[in-house]
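**Q** Please read through the structure below; I'll follow up with questions.
The values are calculated or read from the model by the stated rules, or taken from the named source; none is laboratory data. Computed from a predicted structure; not experimentally measured. Don't worry about glycine lacking a Cβ; one is built from the backbone with ideal geometry, like all the others, and counts go over all protein chains shown. For the accessible areas, the whole protein counts, side chains as well, though only heavy atoms, and no ligand, DNA or RNA atoms are used. Shrake-Rupley method; radii C 1.70, N 1.55, O 1.52, S 1.80 Å.
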Amino acid sequence: MQSQMQPSRQLTRRTCAHSSTVRLGLNVQVCAAAAPAAPAQSSGDISEHSGLKHLPEAARARALDRKANKFEKVKVEKCGSRAWTDVFELSQLLKEGKTKWEDLDLDDVDIRMKWAGLFHRGKRTPGKFMMRLKVPNGEMDAKQLRFLATAIAPYGTDGCADITTRANIQLRGVTLEDSDSVIRGLWAVGLTSFQSGMDSVRNLTGNPIAGVDPHELIDTRPLLRDMEAMLFNNGKGREEFANLPRKLNICISSTRDDFPHTHINDVGFEAVRRPDDGEVVFNVVVGGFFSIKRNVMSIPLGCSVTQAQLLPFTEALLRVFRDHGPRGDRQQTRLMWMVEAIGVDKFRQLIAEYMGGAEFAPPVHVHHDGPWERRDVLGVHLQKQPGLNWVGACVPAGRLQAADFEEFARIAETYGDGTVRITCEENVLFVNVPDAKLPAMLGEPLFQRFKVNPGLLLRGLVSCTGNQFCGFGLAETKARAVQVVEMLEEQLELPRPVRIHFTGCPNSCGQAQVGDIGLMGAPAKLDGKAVEGYKIFLGGKIGENPELAKEFAQGVPAVESHLVPKLKEILIREFGAKEKVVAA
């Protein structure tokens, strides 16, 4: 792969005000001279490159309104979908030395490239990008795993990967020069990075043990594969859905465990069996999300949809959100704000109208004899297929290196069916392992690092990227999370697993609000000086009858001498932990 020329930190947003300034889009043209500022675009004068072209008149007016947020203005000028061609043109220009970093438009580099799945990490690693993929239902095969290894291997210590809380993969260290070959390589193995960022639908999540789960009502994998192909044009990008008011998280839950967390997704489909005819249909919930200013669980939409309606319903919902959703204050543009503004009944009615007058059945209410404890998928478990097992291994804080992908591929082919599943808890599962192969598999060196039976804290550890790579991060997360949990396990005996979630900032990619204990990066003081710190949340519940954690403490310094004793105190008082007795 090509090496990246050293980027300048002097990138600025440009409007072709200087000669030889390269602007992405519009065929990456080089401006010969300064040009007068263009007038504000009217809804009747739409450039073929503008993000307005798929919007109806009312939505165009909201995007053009003076109160529209800055991202709407960027999209009005040029749709993010332009990144799907710009990325190849820019990569070639950089390789050939025909442009340099100082001449790039920062709106393109830092905003529009996200529609191609490229996130510039200029604050932490200038010139390097995080590339977010699409991995529907978290399922990958050995060929895909090996490609991911080759994609990050050339970047040394910058080249690593993370499993995310959407059962997805983020590659790190990718350069713009190499981006075209990485994207084409993803396509060749059936993956993509397009529409994985900005105002589009994020990775589609489901049951990580779909197809092998003795308790599933339906296999979520083919449903999510079809939804992925429909929404994103088989990985090449679907321009019609490139200009939503904000991102959308969508999931399908097929068991009472609710593995993909429908309660914190914008759109959740909950599989249920109708008691009258036994057909599996989906109750619909909407509006769950986390943000800096608001965290809220989803609410029932008051309907169920059949399997035949599932994709048309999703497509119609996106069009309704695109055409009617708010485009003002960026903190008030998630789906829930629209649902609350017009009401659940009106929102459901609009979806039906966009489906040509479809009718929806009421939600299905199923009686259960008792509560259901959410299952832990780590360890060795019998599948519904006789003689076969799935093996769940803990990936501490979700961090992977190139060699790990290679090993996953080898283990999957040697002992299983050649595929793996990654989970919303940032771990990995190997499926279809015959009974006879289990002893040899469990003896593999890989499982000394990625343990099949980790400690009661490590097995529930979840962490976002933190400030190692993310410019929003107020605190370090991954390495510290693993270190802190290992120290706590050395000092405490626990009666049951406790899920600890670390997140670096209030955007809460690490989902602090769903953990038994959540830590969120926040300002703190130590000896009168500002230091990295955390807010602490307690009481998150997942599965049936979920609850969001409540804030418990603020300004806890991140240093071990303060953080570890505080967490020990919480674990002893709230979760029944006891100090280990040290032998004399």
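**Q** Normalised by the residues of segment 174-257, what does the relative contact order come to in percent, with Cα pairs under 8 Å and at least six apart?
**A** Numbers: 96 pairs, mean separation 32.6, N = 84.
Value for segment 174-257: 39 percent.
**Q** Under 18 Å between C-alpha atoms is the cut-off here; go through segment 421-558 and count lysine pairs that meet it, provided they're at least eight residues apart or on different chains. Kindly include the intermediate steps, with their values, before the conclusion.
**A** Working: Lys437/Lys451; Lys451/Lys478; Lys478/Lys535; Lys525/Lys535; Lys535/Lys550; Lys541/Lys550.
For segment 421-558, qualifying lysine pairs total 6.
**Q** Express the relative contact order of the chain as a whole percentage, based on alpha carbon pairs under 8 Å and six or more residues apart in sequence.
**A** On the way: 1330 pairs, mean separation 66.6, N = 584.
The value is 11 percent.
**Q** Carbon and sulfur: what percent of segment 39-126's accessible surface (1.4 Å probe)?
**A** On the way: 1900 of 3720 Å².
Roughly 51 percent, rounded to a whole number.
**Q** Size of the dipole of the chain about the Cα centre, Lys and Arg at +1 and Asp and Glu at -1 on the beta carbon, nothing else charged, in debye to 20?
**A** Values: 73 positive and 71 negative charges, 334 e Å.
Charge dipole, the chain, about its Cα centre: 1600 debye, nearest 20.
**Q** Which of Thr99, Gly268, Thr125 sits farthest toward the positive end of the charge dipole of the chain, with +1 on the Cβ of Lys and Arg and -1 on the Cβ of Asp and Glu?
**A** Going by the Cα projections, it comes out as Thr99.
**Q** Follow-up. Please enumerate, by chain and number, the aspartates and glutamates with C-alpha under 14 Å from the C-alpha of Lys73, excluding those fewer than 8 residues away in the same chain.
**A** Partners within reach: Asp65, Asp107, Asp108, Asp199, Asp329.
**Q** In addition: For segment 511-550, count the residues as N, evaluate 2.2 N^0.38 Å, and divide the Cα radius of gyration by that value, please.
**A** On the way: Rg = 13.0 Å, N = 40, 2.2 N^0.38 = 8.9 Å.
Cα-based Rg divided by the globular estimate yields 1.46.
**Q** At 1.4 Å probe radius, can you tell me the per residue accessible area of the chain in Å²? Provide the component values of the computation, followed by the final result.
**A** Values: 23060 Å² over 584 residues.
Ligands and nucleic acids excluded, the result is 39 Å² per residue.
**Q** A further question on this structure: Evaluate 2.2 N^0.38 Å with N set to the residue count of segment 83-140, then give the Cα radius of gyration divided by it. Kindly include the intermediate steps, with their values, before the conclusion.
**A** Values: Rg = 12.9 Å, N = 58, 2.2 N^0.38 = 10.3 Å.
Compared with the compact-globule rule of thumb, segment 83-140 sits at 1.25.
**Q** Further question: When only alpha-carbon atoms count, how far does segment 152-291 stretch along each of its three principal axes, as whole angstroms with the largest first?
**A** Result for segment 152-291: principal-axis Cα extents of 58, 34, 30 Å.
**Q** Return P(r) of the chain (all Cα-Cα pairs; 20 Å bins starting at 0; whole %; ordered from short to long distances).
**A** Whole-percent P(r) values from 0 Å outward: 20, 54, 25, 2, 0.
**Q** Additional query: Using all C-alpha to C-alpha distances in segment 215-279, build P(r) with 10 Å bins and read off the rounded percent in each one.
**A** P(r) for segment 215-279, in whole percents per bin: 19, 42, 29, 10, 0.
**Q** State, in angstrom, two size descriptors of segment 432-584 derived from its alpha carbons: Rg to one decimal place and Dmax to the nearest whole number.
**A** 17.0, 61
**Q** Can I ask one more? Binning at 10 angstrom from zero up to the longest distance, how are the C-alpha pair distances of segment 233-377 distributed in percent?
**A** All Cα pairs considered, the percentages come to 11, 40, 35, 13, 2.
**Q** Lys/Arg Cβ at +1, Asp/Glu Cβ at -1, dipole of segment 469-584 taken about the Cα centre: which of Gly528, Gly543, Gln511 is farthest positive-ward?
**A** The Cα lying farthest towards the positive end belongs to Gly528.
**Q** I'm checking a number: the convex hull volume of the Cα atoms of segment 383-442, normalised per residue, in Å³. What is it? Display every interim value, and only then the final one.
**A** Working: hull volume 4.6 nm³, N = 60.
Per-residue hull volume (Cα only) is 77 Å³.
**Q** To continue, here is another question. How large, in percent, is the carbon and sulfur part of the accessible surface of segment 249-401 at a probe radius of 1.4 Å? List each step's numbers first, then the result.
**A** Numbers: 3230 of 6040 Å².
Taking all protein chains in place, segment 249-401 shows 54 percent carbon and sulfur surface.
**Q** Right, something else. Just tell me the longest site-free run in the chain, where the sites are GluC sites (Glu not before Pro) in a DSSP loop having at most 15 other beta-carbon atoms within 10 Å.
**A** 97-278
**Q** Something else now. At what distance in angstrom do the alpha carbon centres of segment 456-532 and segment 114-155 lie from each other?
**A** 24
**Q** May I ask you to compute the full-extension gain from Arg496 to Lys529, defined as 0.36 nm times their residue separation minus their alpha-carbon distance, rounded to one decimal in nm? Write out the running numbers ahead of the final one.
**A** Values: separation 33, 0.36 × 33 = 11.88 nm, distance 3.74 nm.
Taking Arg496 through Lys529 to full extension adds about 8.1 nm, to one decimal.
**Q** Would you compute, for the Cα atoms of segment 335-466, the largest minus smallest coordinate along each principal axis and list the three values in descending order, in whole Å?
**A** Ordered largest first, segment 335-466 gives principal extents of 57, 41, 32 Å.
**Q** Here is a follow-up. How much length would be gained if the chain were fully extended between Asn507 and Gln349, taking 0.36 nm per residue of separation minus their Cα-Cα distance, in nm to one decimal? Provide the component values of the computation, followed by the final result.
**A** Details: separation 158, 0.36 × 158 = 56.88 nm, distance 3.15 nm.
Taking 0.36 nm per residue and subtracting the Cα distance, the gain is 53.7 nm.
**Q** Mind checking the full-extension length gain between Met487 and His215? Use 0.36 nm per residue of separation minus the Cα-Cα distance, one decimal, nm.
**A** Numbers: separation 272, 0.36 × 272 = 97.92 nm, distance 3.60 nm.
Between Met487 and His215, full extension yields 94.3 nm more.
**Q** Ok, one more. Would you work out which of Pro154, Val364, Pro300 lies farthest towards the positive end of the dipole of the chain? Charges go on Cβ: Lys and Arg +1, Asp and Glu -1.
**A** Among Pro154, Val364, Pro300, the one farthest towards the positive end of the dipole of the chain is Pro154.
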